[in-house]
1. Quick check on the range 149-224: take the gyration tensor over C-alpha atoms, sort the square-rooted eigenvalues as a ≥ b ≥ c, and tell me if it's rounded (a/c under 1.5), prolate or oblate.
2. Sequence gap at least 6, Cα distance under 8 Å: using those rules, report the relative contact order of the range 158-231 to the nearest whole percent.
3. Given a Förster distance of 22 angstrom, what is the FRET efficiency for residue 72 paired with residue 114, based on the Cβ-Cβ distance and rounded to 0.05?
């Protein structure tokens, strides 16, 4: 990994936490993402933790602890894009264009997310739901959140959604501002060959991710259901 100084470290953390890769995750998730992209400095965890604690958005949307009321029933889907979950969120305060609702769809296996902001919710709109980039008022951060989600490591599969779909890890903007090893040593022909090799291994990686996901869901359900019965 590339060891960076204070100024470069601040740029990387700002990019991953608040800009195009912003997801407002916990500090461990953000720090892990930075390390997987090829960066390191001695106070990485401390610096990220301090930024998260000072972030009003992170504190405002911090998760609330609620007791479960029902047993958890895990749903497995071993193939990418075979099974989707769709949810409607809102109404929110009206944004530009008077959009108030959000349709969110997530693939069960890769955890790939698609989303669209709408003024109203109708059966036709849901049926014709196609994701697109929206930049209206409160949804200005939507495209950034989706990008950040797709490039963030998921414990359930051991991979990022992007890598499970495309076979390779995405390049985040921070790698342009502060070059990583793969950027500094980029070779177009070698890169094209490497991408083809990664695509050949997608099926195997998907299978291993499916096994890991199934085991992870069983462990979560076991812990969750134990708490339900203990009430």
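Readers should treat all values here as calculations from the given coordinates under stated rules, not as data from a laboratory. If you're wondering where the values come from, they're calculated on a predicted model, not measured in any experiment. Positions of Cβ are backbone-derived with ideal geometry, glycine not excepted, and every protein chain shown enters the neighbour counts.
1. Numbers: a/c = 4.17, a/b = 1.81, b/c = 2.30.
Note, shape of the range 149-224 comes out oblate.
2. Values: 25 pairs, mean separation 27.5, N = 74.
Computed value for the range 158-231: 37 percent relative contact order.
3. Numbers: r = 24 Å, r/R0 = 1.11.
The value I calculate is 0.35.
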